[in-house]
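The values are calculated or read from the model by the stated rules, or taken from the named source; none is laboratory data. Since the model is a prediction, treat every value here as computed from it, not as a measurement. As a convention, Cβ positions derive from the backbone with ideal geometry for all residues, glycine included, and neighbour counts pool all protein chains shown. Calculation scope for accessible area: heavy atoms of the full protein, side chains included, ligands and nucleic acids excluded. Shrake-Rupley method; radii C 1.70, N 1.55, O 1.52, S 1.80 Å.
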Amino acid sequence: MLQASPGFSVSTRPAAIARWLHLVAALIVAMVVVGGITRLTESGLSITQWKPISGIVPPLNEAQWQAEFANYQRIPEYQELNRGMTLAGFKAIFFWEYVHRLLGRVIGLAFAIPLIGFAVTRRIPRGYGWRLSALLALGGLQGAIGWWMVASGLSVRTDVSHIRLAVHLSTALFILGGIVWTARDLRLLAVNPLARPAALRGGPALALAALAVQIVFGAFTAGLDAGYAFSSWPLMGDALFPAGVPMLSPAWSNAVDNPIVVQFIHRWLAFVAAGALVWLALRARAARAGGVAGVLVALVGVQILLGIATLLSGVQIVIAVAHQANAALLLIAAVTAAHAVGAPRR
């Protein structure tokens, strides 16, 4: 006699939990978009203190605004780049950093409160409690990583470390991928109580790794302002790789710290990642997931076009933010395709 999956019982609500996770995923995509705007408007260092609880309340009167502005005036970014900024100018950059941090708190509450509710009422299928708890813990760690990133720009430097920026973005997208994968598993369980979680197979894992590396170099490009180095395509100036580029020592550090080399790698690694994702789409189509396969291929094409447009426009903010937002959507499609390939057959 067939027995239900260990994760299934009559009291669990896998479909409801999946819908909740999709909502959280949408909030994370919004967070990525706001984070891109915060970076491109040079707003990320406008709040110089980390107050997880009291920081939810913005300045409410002139004295509080002046106190926040005075804190900002003490850091190198103001002293070396923005000296003479007015209070109105400060309020403009404060806005985006405040919204970014506020949205982070909203996501934390939107994840933690329903999770507690599902746990208390025993609605979580067996085997998923630890996974959801791990995602919640990663969300808390992400808040700490965000402050670790900001702290790198509060003394000595006039901006945040591009390496810490890459860690911050990568962690956000890893959490997003984990949420999407878990939601897909729960949807399978809702349709078929005998369903087992999908397995991440070798080929799809390599495709996701290629996308992850490309995203890391995208963060390096943003953090180093490498997108401004050359605004031509496909050549960098008048050559595939410009002559006379000052190189760093040791040689490997150029791939991380040299803006021109980083832009070059990000340009051409995109096609390696694109090839891997198209292959993944073909695998998903063979696994009878033609819809997500088509979406994945379309998003790959859009992402390449947006990347080129970002360069040609001189990193115009709307295009650059669209490029970052599409990267998050591309990740969701890639994770969904990988899940389809690894999903158990009935």
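Tell me which of these F90 doesn't satisfy, since it passes every other one: (1) in a helix (DSSP H, G or I); (2) in contact with a Leu (Cβ under 9 Å, 6 or more places away or on another chain); (3) surrounded by 15 or more Cβ atoms within 10 Å (Cβ to Cβ).
Looking at each condition in turn, F90 falls short on (2).
Working only within the range 194-208, note down all residues that are more than 13 Å from A340 (Cα to Cα), of a type in the set (G, A, S) and surrounded by fewer than 15 Cβ atoms within 10 Å (Cβ to Cβ).
Scanning the range 194-208 gives a single hit, G202.
Report every pair of residues separated by at least 6 positions or lying on different chains whose Cβ atoms are under 9 Å apart, first residue within the range 125-141 and of a type in the set (A, V, I, L, M), second part of a loop (DSSP other than H, G, I, E, B).
From the range 125-141, the pairs are L132/I124.
Among the numbered criteria (1) under 17 Å from R19 (Cα atoms); (2) crowded, with 16+ Cβ neighbours inside 10 Å; (3) among the small types (G, A, S), which one does G129 miss?
Of (1) under 17 Å from R19 (Cα atoms); (2) crowded, with 16+ Cβ neighbours inside 10 Å; (3) among the small types (G, A, S), only one is false for G129: (2).
Considering every residue within the range 319-330, establish whether at least one is under 17 Å from V32 (Cα atoms) and among the β-branched types (V, I, T). Break it down stepwise before answering.
Filtering the range 319-330 down to residues under 17 Å from V32 (Cα atoms) leaves 319-330.
Of the ones still in play, those that are also among the β-branched types (V, I, T) are 319, 321.
There is at least one residue in the range 319-330 that is under 17 Å from V32 (Cα atoms) and among the β-branched types (V, I, T).
Where residues in the range 284-303 are surrounded by 17 or more Cβ atoms within 10 Å (Cβ to Cβ) and β-branched (V, I, T), which of them is nearest to N326 (Cα to Cα)? Can you show your working first?
Step one: of the range 284-303, the residues surrounded by 17 or more Cβ atoms within 10 Å (Cβ to Cβ) are 284-285, 287, 289, 292-293, 295-297, 299-300, 303.
Those left that are additionally β-branched (V, I, T): 292, 295, 297, 300.
Numbers: V292: 15, V295: 12, V297: 12, V300: 9 Å.
Out of the qualifying residues, it is V300.
With respect to V216, determine if the residue is in contact with a helix residue (DSSP H, G or I) (Cβ under 6 Å, 6 or more places away or on another chain) and aliphatic (A, V, I, L, M).
Values: in contact with a helix residue (DSSP H, G or I) (Cβ under 6 Å, 6 or more places away or on another chain): yes; aliphatic (A, V, I, L, M): yes.
Considered against the rule, which asks whether it is in contact with a helix residue (DSSP H, G or I) (Cβ under 6 Å, 6 or more places away or on another chain) and aliphatic (A, V, I, L, M), V216 comes out as yes.
Which condition number in (1) assigned to a helix (DSSP H, G or I); (2) open to solvent by 20 Å² or more (accessible area, probe 1.4 Å) is the one that T182 fails?
The single condition T182 does not satisfy is (2).
Tell me the residue from A270, A281 that is buried (at least 21 other Cβ atoms within 10 Å of the Cβ), within 23 Å of L176 (Cβ to Cβ) and aliphatic (A, V, I, L, M), please.
Working: A270 fails: buried (at least 21 other Cβ atoms within 10 Å of the Cβ).
Only one candidate qualifies: A281.
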